[in-house]
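Chemist: Following this message is one structure expressed as structure tokens.
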Amino acid sequence: MFGPDWEEGCPVCSMVADSFDGNAVHLAQRDVTLVVVSRARLAQIEAFKKRMGWKFKWVSSYGTDFNHDYRVSFTKDDAAEGNNYNFGTSSFPKDEAPGLTVFYKDESRNVFRTYSCFARGGEFLLGPYSYLDLVPKGRDEAGLPFTVAWIRHHDRY
């Protein structure tokens with residue numbers, strides 16, 4: 001969602017994040033905490049979060065291997081090897097990729113990874129697509145250089 005050398009968060013990830021605050025309230029009622037993890041420094045995250053008007057919990061994994069361990073951030077060596085994404089099943093052309101992971105902490109405080117999805121597996125989180133799929137023109141992405149080329153940060157439309 002936000003790499004350490006980026007000036008701002010990913011526009012597509014930001015479109016997903018636009019719904020987090022509203023959803024987090026409801027998830028908390030079911031003992032679920034939504035947390036976003038990015039490799040950007042915390043100061044970068046906080047500034048962008050303020051610009052976008054978001055309140056959800058967003059932490060920095062800067063200087064750790066967390067994102068690399070879950071195969072959503074890549075070094076140049078990873079990229080050269082190929083099949084660096086989704087636990088080695090495909091390649092990703094950039095150094096940061098989308099991924100969703102669910103963890104469960106039991107009564108003994110053991111933490112388990114219970115679910116992960118990558119690439120188009122997280123598309124269900126793109127709320128506007130649910131609406132666009134209902135309208136006559138649909139997503140209207142034909143002729144774009146890539147499918148999400150139309151997406152901007154909500155303060156840039």
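Read-outs: derived from the displayed coordinates by stated rules, not from any lab. It should be emphasised that the depicted structure is a prediction, and the values quoted were computed from it without experimental measurement. Methodologically, a virtual Cβ is constructed for each residue, glycine included, from the backbone with ideal geometry; neighbour enumeration extends over all protein chains shown.
Chemist: What is the gain in length, in nm to one decimal, between Asp69 and Phe112 on full extension, counting 0.36 nm per residue of separation less the C-alpha to C-alpha distance?
Modeler: Full extension from Asp69 to Phe112 adds 14.1 nm.
Chemist: Mind checking the dipole of the chain: about its Cα centre, +1 per Lys or Arg Cβ, -1 per Asp or Glu Cβ, Debye to the nearest 20?
Modeler: 360 debye
Chemist: Next up: Which log10 I(q)/I(0) values, to two decimals, does the range 36-157 give at q = 0.22, 0.23 Å⁻¹ under the Debye formula with one point per Cα?
Modeler: -1.40, -1.40
Chemist: Right, next: For the pair Ser90 and Ser130, how long in nm is the line joining their label points, each one 7 Å along Cα→Cβ?
Modeler: 2.3 nm
Chemist: With the dipole of the chain worked out from charges on the C-beta (+1 for Lys and Arg, -1 for Asp and Glu) around the Cα centre, which of Tyr131, Phe66, Phe2 lies farthest toward the positive end?
Modeler: So the residue we want is Tyr131.
Chemist: Further question: At a 10 angstrom cut-off on C-beta neighbours, averaged per residue, how do the peptides 93-99, 2-8 rank from highest to lowest? Numbers along the way, then the final one.
Modeler: Working: 93-99: 17.4, 2-8: 15.4.
Result, highest mean first: 93-99, 2-8.
Chemist: Still on this structure, please answer the following. Taking a Cβ-Cβ separation under 4.7 Å as the criterion for a possible partner, which cysteines of the chain have none?
Modeler: Cys117
Chemist: Lys/Arg Cβ at +1, Asp/Glu Cβ at -1, dipole of the range 1-100 taken about the Cα centre: which of Gly22, Pro93, Val36 is farthest positive-ward?
Modeler: Gly22
Chemist: Here's something else I'd like to know. Roughly what would the spin-label model give for Lys57 and Arg30, points 7 Å off Cα along C-beta, in nm?
Modeler: According to this spin-label approximation, the distance is 1.7 nm.
Chemist: Hey, another quick one. Work through the residues other than Val25 whose Cβ is under 14 Å from its Cβ and net out their charges, Lys, Arg +1 and Asp, Glu -1.
Modeler: Taking every other residue near Val25 into account, the sum is +1.
Chemist: Something else now. Report the FRET efficiency, 1/(1 + (r/R0)^6), for Ala142 and Glu8, where r is their Cβ-Cβ distance and R0 is 22 Å, rounded to 0.05.
Modeler: 0.20
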